[in-house]
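Step one of this worksheet: look at the structure below.
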Amino acid sequence: MRPLLCLFLAIAPAFAAVDGMIVNGTTGKPEPDTLVMLIQPTQAGMQTLGTTKTDAQGKFSFDNNDASGPRLIQAVFDGVQYNHMVPPGMQSTGLQIPVYASTNKAGTARVMQHFIVLQPGEKEMNVSEGLLYVGDPSLTYYDPVNGSVRFYVPPEAKALTSVTVNPAGGMPIQRPALKTKEPNIYKVDYPVRPGETRFDINYTVPTTSPMIFTDKLIHGGAASNLVVPSGVTVKSDDLELAGQEPKTQASIYRIKNANFKVEVDGIGSLQQSEGSADDSGQPQVQEVKPRIYESLYWILGMAFAILGLGSVLLARNAAK
């Protein structure tokens with residue numbers, strides 16, 4: 001009898017309950033009748049383990065689930081989905097998951113930082129942009145018609161199909177970059193929740209001689225900077241040198257005017273080749289993926305570093 005009891009106690013944690021309460025962060029009260037789903041990421045995709053609704057006290061519970069892997073709790077409220085990751089071995093009972101009232105009122109979420117990185121190659125220049133949105137502490141900004149997120153892209157841009165969204169406390173996801181009725185203005189249909197959300201935009205423009213890059217800032221009040229790698233120089237009356245990043249030797253410029261034009265000279269990348277016997281010590285031209293932002297954290301401050309590290313760790317947990 002005792003061995004059977006020991007076996008039961010060993011197996012029980014693998015099927016521990018998941019329960020908690022959905023709390024309305026706008027009112028501060030429990031939210032009843034809210035749809036809640038328990039999902040487990042697998043190699044075959046997301047597997048739904050259970051679906052329920054909160055009771056009159058805002059509580060929910062799932063009894064039969066596999067606790068050996070990561071689980072994702074999804075709550076849908078006021079047209080917006082809220083996610084809460086439960087890593088293996090972490091507490092899965094007594095959880096409190098906040099949801100918020102949605103609004104499409106412009107100005108609810110603001111762009112606090114905007115950076116543009118130019119990495120010119122022989123035939124084309126890679127352009128990486130980042131928009132750091134800060135949401136209202138008690139509301140979710142969501143405008144599916146006009147786009148919660150809007151940005152300008154030069155008319156000569158190529159290869160822009162999607163935007164990488166890095167939500168606070170969530171996993172990086174892809175969302176389509178949709179054209180608007182305004183020339184060269186794109187939008188993203190994605191809610192900006194309370195906290196910080198970063199939107200990463202990548203595209204290329206053809207290399208010309210001389211290389212002229214033009215852009216337009218449409219978010220007033222945001223701190224906007226342009227970054228170029230070591231070995232690349234820029235000329236513009238619209239820029240002011242802010243300094244040089246000591247690790248990568250990248251030059252950082254403050255963008256002074258909303259409509260600006262830059263003459264770019266040289267070839268370079270923020271990512272350097274490693275372990276090459278033929279390394280000449282000069283910047284190497286290579287295709288740059290969204291991982292470029294790992295280098296930019298050194299340039300743009302600890303705020304982006306913390307946000308990016310959290311996204312990476314959650315993504316790794318989900319992939320296990």
Checklist entry - Any idea which of (1) surrounded by 15 or more Cβ atoms within 10 Å (Cβ to Cβ); (2) among the acidic types (D, E); (3) farther than 30 Å from A223 by Cα is the one E122 doesn't satisfy? => result (1)
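Only residues that are among the basic types (K, R) and either modelled with pLDDT under 95 or in contact with a Leu (Cβ under 6 Å, 6 or more places away or on another chain) (or both): list them for the range 1-38, please.
Once the filter is applied, which keeps residues that are among the basic types (K, R) and either modelled with pLDDT under 95 or in contact with a Leu (Cβ under 6 Å, 6 or more places away or on another chain) (or both), the range 1-38 yields only R2.
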Checklist entry - Yes or no: V134 at pLDDT 95 or above, among the β-branched types (V, I, T), assigned by TED's automatic domain parsing to the domain that holds N257 and surrounded by fewer than 20 Cβ atoms within 10 Å (Cβ to Cβ)? => result yes
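So which strands (runs of 3 or more DSSP E) are wholly in the range 125-181 and hold at least 2 residues that are under 12 Å from the mean Cα position of the chain (by Cα)? Break it down into steps so the answer makes sense when it comes.
Numbers: elements: 139-141, 149-152, 162-167, 173-176.
Passing ranges, in order: 162-167, 173-176.
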Item to check | Residue satisfying all of: in the range 103-124; part of a loop (DSSP other than H, G, I, E, B) and among the basic types (K, R); farthest from the chain's Cα centre (by Cα) among these | outcome: K123
Item to check | the range 246-264, residues that are at pLDDT 95 or above and β-branched (V, I, T) | outcome: I252, I255, V262, V264
Checklist entry - Any idea which of (1) crowded, with 17+ Cβ neighbours inside 10 Å; (2) at pLDDT 95 or above; (3) aliphatic (A, V, I, L, M); (4) more than 13 Å from V36 (Cβ to Cβ) is the one A67 doesn't satisfy? => result (2)
Next on the checklist: Go through the range 231-247 and report how many residues are of a type outside the set (A, V, I, L, M, F, W, C), under 26 Å from S209 (Cβ atoms) and in a loop (DSSP other than H, G, I, E, B).
Outcome noted: 4
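The values are calculated or read from the model by the stated rules, or taken from the named source; none is laboratory data. Computed from a predicted model, the values in this text were never measured in an experiment. Every residue, glycine among them, receives a Cβ derived from its backbone with ideal geometry; neighbour counts consider all protein chains shown.
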